[in-house]
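Every number in this text was worked out from the coordinates using simple rules, so none of it is lab data. All values derive from a computational prediction rather than experimental measurement. Using ideal geometry, Cβ is built from the backbone for each residue, glycine included, and neighbour counts are taken over all protein chains shown.
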Amino acid sequence: MPTFVIVGASLAGAKAAETLRDEGFDGQIVLLGTEMERPYERPPLSKGYLLGNDERESVYVHPAGWYAEHDVDLRVGVTVTGIDRAVSAVLTSAGSIVPYDKLLLTTGASPRRLNFPGSDRPEVLYLRTVQDSDRLRAAFQARPRVAVAGAGWIGLETTAAARSAGCPVTVLEPQPGALQEQIGPELGTIFADLHRSHGVNFRFGERAVEFQPGLVITSAGAEVPADLLVVGIGAAPNDELAALAGLEVGNGVLTDEALRTTDPDIFAAGDVANSFNPLLGYRVRVEHWANALNGGPVAARSMLGQPVVYDPVPYFYTDQYDLGMECAGLPTPGTYDEVAYRGDRSSLEFIAFWLSGGKVVAGMNVNVWDVNDDIQSLIRSARQVDLSRLTNPDIPLPEV
Ligand SMILES: Cc1cc2nc3c(=O)[nH]c(=O)nc-3n(C[C@H](O)[C@H](O)[C@H](O)COP(=O)(O)OP(=O)(O)OC[C@H]3O[C@@H](n4cnc5c(N)ncnc54)[C@H](O)[C@@H]3O)c2cc1C
């Protein structure tokens, strides 16, 4: 009876285990995770759960009994410390050796950390785990003055939650605007304005360089009153295990389009995987929920020897205040030469399209629903579009 081991009791890992059983795999499945929790989803941690609207139980991928019912050997609080490829086994922090026939790495990513005077103080907080979210929610209760390092997704979602809790918030961002690297200046400005309209103070072009109780000092020498500093400066892939085992890594574990690493018995999915995407024509590491949700099952089928090709249009969503949006594609600066809009930007009900050479490479629907599949189809088709039809809300997207 073969044993499939999954390292990382995460969304991607749990979905891979589920798919293995759905596909009829009747061997042993061992799911190992550092955290003391069974697999859970992280998006609510900076939104509904942080706001206190979602119950703890709602974040988990499966009900507590699911793992035993499906004969999945979930071991929480166990860190894999090494992969011995010569004997096909992983070594754990508990001192055990777990042999595998196939191995899946879903070890995710870890927040980048600040390192400056005061950065190790308890008032400097990060957001990755459910405990981090609990800590932040509790801290917001006292309505502290909050400084946020980083105007990326985590920083801005946390900002929205802090404002909703009544905290004054200052966001420090070394770039000249919000979300520059994620969606470029055009749409970044719209998000910054949204936050400004909720009373958020931005300090662009400045980074935090020191924290003292009650104070953040910025790279411009400014003193920003802050009882709490929340850090959202990006995440790095947890690929050390793979590197130590001699697998090829580079901004994550390198895989082909079937999520196979350079070892045919080892696979990777989710935030940790830097995978060749045939649709895009290059390798990409995507730190988004949908990539974990869909990549885990694809990796599972690949482990079973099924012919799979993982070529998703990257997908991301966010909720901030009353704004909900979905984004398809990767609209990073340099990948597009034009941004076009359909709908009303001033009332925050619109679709933005990023185009390159007349083709849609990414699209974002803001407070407009049931169109993201159509946007993804446009991207996937890679065809030239007529801009006047693309921006005309009377023409359904499939007919553009
Ligand atoms: C606060 C927050 C909000 C987010 N909001 C959104 C959103 O709105 N929309 C969106 O698209 N995406 C969002 N994301 C991103 C999304 O949650 C991630 O892309 C997703 O969680 C990645 O899942 P994963 O399965 O790859 O790994 P992870 O969720 O990172 O889980 C990996 C797990 O592996 C464990 N692990 C690591 N190393 C080892 C080891 N050696 N041994 C055992 N276990 C190990 C880790 O402890 C962790 O539990 C958000 C992320 C965060 C943190």
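Summing charges over all other residues whose Cβ lies under 12 Å from the Cβ of residue 331, with Lys and Arg as +1 and Asp and Glu as -1, gives -4.
Rg(Cα) of the chain divided by 2.2 N^0.38 Å?
On the way: Rg = 21.9 Å, N = 400, 2.2 N^0.38 = 21.4 Å.
The chain yields a ratio of 1.02.
Computed from label points 7 Å out along Cα-Cβ, the spacing between residue 164 and residue 116 is 2.9 nm.
For region 57-216, the C-alpha radius of gyration sits at 1.36 times the compact-globule guess of 2.2 N^0.38 Å, with N the residue count.
How big is the dipole moment of region 249-313 about its Cα centre under a simple scheme where the beta carbon of each Lys and Arg is +1, that of each Asp and Glu is -1, and everything else is neutral? Debye, nearest 20, please.
Numbers: 4 positive and 7 negative charges, 12 e Å.
Roughly 60 debye for region 249-313.
Pull out the extension gain between residue 131 and residue 388, defined as 0.36 nm times the separation in residues minus the alpha carbon to alpha carbon distance; nm, one decimal. Provide the component values of the computation, followed by the final result.
On the way: separation 257, 0.36 × 257 = 92.52 nm, distance 4.87 nm.
Result for the pair: 87.6 nm of gain on full extension.
Extension gain for residue 143-residue 263 works out to 38.1 nm (0.36 nm per residue, less the C-alpha to C-alpha distance). Quick one: check the C-alpha center-to-center distance for region 151-173 versus region 270-337, whole angstrom. Centre-to-centre (Cα) distance: 26 Å. At 7 Å along the Cα-to-beta-carbon direction for both residue 346 and residue 248, put a label point, then send me their distance in nm to one decimal. In this crude spin-label approximation the distance works out to 5.3 nm. Each principal axis of the Cα cloud of region 9-113 was taken in turn, and the coordinate range along them, longest first, works out to 48, 38, 19 Å.
When only Cα pairs under 8 Å and 6 or more residues apart are kept, what is the percent relative contact order across the chain? Can you show the working numbers first?
Working: 914 pairs, mean separation 57.7, N = 400.
That works out to 14 percent.
Put the Cα centre of region 189-228 next to the Cα centre of region 19-89 and the gap is 36 Å. Taking 26 Å as the straight-line reach from the Cα of residue 15, the lysines in range (excluding those fewer than 8 positions away in the same chain) are 47, 102.
Could you list the square roots of 5 times each eigenvalue of the Cα gyration tensor of region 236-388, that is, the equivalent ellipsoid semi-axes, sorted largest first and rounded to whole Å? Mind showing how you got there, number by number?
Working: eigenvalues 204, 52, 38 Å².
Whole-Å semi-axes of the equivalent ellipsoid: 32, 16, 14.
The translational diffusion coefficient of region 239-293, from Stokes-Einstein at 4 °C and 1.567 mPa s with a Kirkwood hydrodynamic radius over alpha carbon pairs, comes to 118 µm²/s. Taking the Cα centre of the chain as origin and assigning +1 to Lys and Arg Cβ atoms and -1 to Asp and Glu Cβ atoms, the resulting dipole is close to 720 debye.
Spin-label model, residue 55/residue 101: points 7 Å from Cα along the beta carbon direction are separated by 3.9 nm. The fraction of Cα-Cα pairs per 5 angstrom bin, counted from 0 for region 197-290, comes to 3, 12, 17, 14, 8, 7, 10, 12, 10, 6, 1 percent, rounded to whole percents.
So, counting K/R as plus one and D/E as minus one, what does the shell of residues with Cβ under 13 Å around residue 122 add up to? Intermediate results must be reported in sequence, preceding the final value.
Values: positive: 121, 135; negative: 120, 123, 132, 227.
Taking every other residue near residue 122 into account, the sum is -2.
So if each residue of separation counts as 0.36 nm, and I subtract the Cα-Cα distance between residue 26 and residue 367, what length gain in nm does that give? Intermediate results must be reported in sequence, preceding the final value.
Numbers: separation 341, 0.36 × 341 = 122.76 nm, distance 4.39 nm.
Value of the extension gain: 118.4 nm.
Using a Gaussian network model on the chain with a 10 Å cutoff between Cα atoms, which of 315, 282, 40 fluctuates the most? The residue with the greatest mean-square fluctuation here is 282.
So what is the calculated 222 nm ellipticity per residue for the chain, using -39500 (n - 2.57) for each DSSP H run with n of 4 or more, over all residues, to the nearest 500 deg cm²/dmol?
On the way: 10 runs with 96 residues, N = 400.
-7000 deg cm²/dmol, from helical runs alone.
May I ask you to derive the FRET efficiency for residue 181 and residue 220 from their Cβ-Cβ distance with R0 = 22 Å, giving the value to the nearest 0.05?
Details: r = 21 Å, r/R0 = 0.94.
The computed FRET efficiency comes out at 0.60.
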